[in-house]
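Shown next, in structure tokens, is the structure this report addresses.
The values are calculated or read from the model by the stated rules, or taken from the named source; none is laboratory data. Note that the coordinates shown come from a computational prediction; the quantities given were computed from them, not determined experimentally. Ideal geometry is used to build each Cβ from the backbone, glycine not excepted, and the neighbour counts take in all protein chains shown. What goes into the accessible areas is simple: the full protein's heavy atoms, side chains included, and nothing from ligands, DNA or RNA. Shrake-Rupley method; radii C 1.70, N 1.55, O 1.52, S 1.80 Å.
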Amino acid sequence: IGRQTKDGRMVEWLDYRSDTARISDDVVAPAWLGLAIIAQLNETGETSWLKKSISWFDGGASSVHEHLIRSAEHCLRQCDSGQLVTSGDGVSTEKTGLVALFLKELLPILEHERDHQLVRKYQLAYERMKESVSRRLWDGSYYLAERNGKKVGSRKNPHRKIDLAAQVWP
């Protein structure tokens with residue numbers, strides 16, 4: 001966790017010799033971090049761990065609970081108005097699915113911590129993601145992917161009718 005910044009981003013790589021780091025704006029690392037923490041909590045049942053103070057990469061420290069929230073907030077900042085995750089190629093079906101899973105898995109932990117305001121916020125974001133994926137990315141046969149601004153993986157495409165990565169998460 002010590003490789004997470006206060007705004008929820010993650011250190012992509014760190015060169016200890018020169019003390020330089022690359023901070024990623026991508027949504028994948030914070031979502032995977034969140035899912036890893038949740039898996040640990042689910043496996044051990046040790047919820048007191050949520051209160052443990054962990055350092056931020058850019059100074060200071062906060063609870064594991066706060067690291068989870070900062071991860072979720074960073075992920076949501078990467079979404080468009082329909083709660084679909086955007087990346088360099090356009091809307092990412094795969095990354096949207098990953099963030100949706102993270103939010104869904106985070107809800108019981110927030111309920112346990114009685115963080116009702118965040119439960120409502122993340123439940124709504126999760127529901128909007130599901131609705132947007134169904135409305136914007138389902139062509140009746142397959143889930144679409146965007147590659148270089150074009151929708152692919154559709155029954156309407158003469159080639160590449162199924163984009164495998166876009167099918168997995170939804």
task = Could you tell me which residue of the stretch 72-91 is modelled with the highest pLDDT, considering only residues that are farther than 25 Å from residue 109 by Cβ and open to solvent by less than 30 Å² (accessible area, probe 1.4 Å)?
result = 91
inquiry  = Here is a check on your reading of the model: is residue 146 surrounded by 14 or more Cβ atoms within 10 Å (Cβ to Cβ) and part of a strand (DSSP E or B)?
reply    = yes
request  = Check whether at least one residue in the stretch 126-140 is aromatic (Phe, Trp, Tyr), more than 13 Å from residue 34 (Cβ to Cβ), buried (at least 18 other Cβ atoms within 10 Å of the Cβ) and over 14 Å from the mean Cα position of the chain (by Cα), and report yes or no.
outcome  = no
Hits in the stretch 116-170 - residues which are among the polar types (S, T, N, Q) and either over 17 Å from residue 75 (Cβ atoms) or in contact with a strand residue (DSSP E or B) (Cβ under 8 Å, 6 or more places away or on another chain) (or both) = 117, 134, 141, 148, 154, 157, 167
query = When both residues are 6+ apart or on different chains and their Cβ atoms are under 6 Å apart, which pairs have a first residue that lies in the stretch 70-91 and is polar (S, T, N, Q), and a second that is at pLDDT 85 or above and buried (at least 20 other Cβ atoms within 10 Å of the Cβ)?
reply = 71/8; 71/30; 71/33; 71/34; 78/85; 83/129
ask   = Of the residues that make up the stretch 103-118, is at least one open to solvent by less than 30 Å² (accessible area, probe 1.4 Å), closer than 24 Å to residue 145 by Cα and in contact with a helix residue (DSSP H, G or I) (Cβ under 7 Å, 6 or more places away or on another chain)?
value = yes
request  = Looking only at the stretch 59-71, count how many residues are within 20 Å of the chain's Cα centre (by Cα) and open to solvent by 50 Å² or more (accessible area, probe 1.4 Å).
outcome  = 2
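Within the stretch 37-58, can you find the residues that are open to solvent by less than 60 Å² (accessible area, probe 1.4 Å) and either closer than 17 Å to residue 102 by Cβ or touching a residue at least 40 places away in the same chain (Cβ under 8 Å) (or both)?
We begin by selecting, within the stretch 37-58, every residue open to solvent by less than 60 Å² (accessible area, probe 1.4 Å); these are 37-39, 41, 45, 47, 50, 54, 56.
Those that are open to solvent by less than 60 Å² (accessible area, probe 1.4 Å) and either closer than 17 Å to residue 102 by Cβ or touching a residue at least 40 places away in the same chain (Cβ under 8 Å) (or both): 37, 38, 39, 41, 47, 50, 54, 56.
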